[in-house]
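Only one structure is covered here, and it is reproduced in the block below.
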Amino acid sequence: MFNRRKFIQSSAFGSFGLLLGKVASASPETVTIKGKPVVISTWDAGLAANKAAWEVLGKGGRALDAVEKGVMVTEASKNCCVGLGANPDRDGFVTLDACIMDEFSNCGSVAFLERIKHPIAVARRVMEKTPHVMLVGSGAQQFAVIEGFPLEEQKLSSEAQINYDNWLKESHYKSPAINVENKQGHGPFAPHKLDNGEWNHDTIGMVAMDTNGNLSGSCTTSGAGFKMRGRLGDSPIIGAGLFVDNEVGACTATGQGEDVIRVAGSHSVVELMRQGLSPEAACKKVIERIVKIKKEKAKDIQVAFLALNKKGQVGAYAIHQGFSFAIKNGTREELVKAKFVMP
Ligand code: ASP
């Protein structure tokens, strides 16, 4: 078990480091998409997730169904860092967070959920079957079981077990200084290299517009690796990790959740789009706000936003180099490198 004293001595939560790598081959660009439907999602895993979402969108289906189906692929991927195969908290338990939001501003969320394979599907049930928006911990699990979701075995994946055993040797949050070039990261928000060469992260956020022009979004995560037990990031919080306003646009976030929460990140991006900013300009403004707040600490943290407006325009921005997003519409399917504010 984790030694609390050691944690208090060694953790510098505000100076979490992370390492991000270049995962897309093209240079950072502004994306203009013509026509709907369209789906976008964070990191390399977004490619496979978008494919699943497209099975719904391509047939004229609803964006809400697409964003649920899409991220379920990532949640189920044994090889990934979202879902039950992910790194545990510092006490050795995998705890999952997810939220979903539709074109009517209906939303649902689960947090600190254990032993359930598809938190996003439970979040949707919270939205559709309860009078509430968020359920957490044992209450969320109890609801999931009542709804028929199987309780999975409480066992770390072999990769997570190795990572956890390694982490226990030092048992602190501090990771090496950010190094976006070589990707050799093992910080709480560092990307992970998969057997197939993809780089993936602890979160997938997805937003989509369907043939009817309606928007929905989803976000699901295992959170920060080796986090304090009970820690929640931005991902299950409507307005932080995800926000959808069907008149304006939708946004999702990834990276150090604490810094997304303090600026109500995804909501702020959508509000800036409402004022007329493009998705990219809106994402950049909120990234700059975080950098301004964090001052010199910004060099050690990564946050990225990914947004889509009602016209079907897509934009993203990150603090640092290394954030990529996947995009799919009728004519285009690729990973795009996001622009960033700090070299
Ligand atoms: N935003 C997530 C969190 O803070 C982590 C991530 O995007 O990797 O929980």
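The values are calculated or read from the model by the stated rules, or taken from the named source; none is laboratory data. Just so it is clear, the structure is predicted and the values come from calculations on it, not from any experiment. Don't worry about glycine lacking a Cβ; one is built from the backbone with ideal geometry, like all the others, and counts go over all protein chains shown.
Scanning region 106-121 for residues that are of a type outside the set (Ser, Thr, Tyr), under 17 Å from Gly241 (Cα atoms) and touching a strand residue (DSSP E or B) at 6+ places or on another chain (Cβ under 8 Å) turns up Cys107, Gly108, Val110, Ala111, Phe112, Leu113, Pro119, Ile120. Of everything in region 211-226 that is out of contact with any helix residue (DSSP H, G or I) (no Cβ under 6 Å at 6 or more places or on another chain) and hydroxyl-bearing (Ser, Thr, Tyr), the residue that is nearest to the ligand (Cβ to nearest atom) is Thr221.
Pairs meeting the criteria (first residue in region 195-208 and modelled with pLDDT under 65, second residue more than 16 Å from the ligand (Cβ to nearest atom), beta carbons under 8 Å, at least 6 apart or on different chains) are Asp195/Asn79; Asn196/Asn79. Mind listing whichever residues of region 234-266 are near the ligand (Cβ under 10 Å from one of its atoms), out of contact with any Lys or Arg (no Cβ under 8 Å at 6 or more places or on another chain), of a type outside the set (S, T, N, Q) and at negative phi? Hits for region 234-266 are Asp234, Pro236, Ile237, Ala240, Gly241, Ala253, Gly257, Glu258, Val260, Ile261, Gly265.
Assessment of region 281-291 against the conditions (within 14 Å of the ligand (Cβ to nearest atom), at pLDDT 95 or above and basic (Lys, Arg)) yields no matching residue.
Against the test of being within 17 Å of Gly255 (Cα to Cα), among the basic types (Lys, Arg) and touching a helix residue (DSSP H, G or I) at 6+ places or on another chain (Cβ under 6 Å), the options Lys285, Lys299, Lys294 yield a single qualifying residue, Lys285. The numbered conditions (1) more than 18 Å from Ala307 (Cα to Cα); (2) among the acidic types (Asp, Glu); (3) in contact with a Ser or Thr (Cβ under 7 Å, 6 or more places away or on another chain) are all true for Glu128 except (3).
Annotation note: Cβ proximity below 6 Å between a residue of region 102-127 that is free of Cβ contacts under 8 Å to residues at least 60 places away in the same chain and a residue that is of a type in the set (D, E, K, R) and part of a loop (DSSP other than H, G, I, E, B) (sequence gap 6+ or interchain) occurs for Arg115/Glu152; Lys117/Glu152; Arg125/Glu147.
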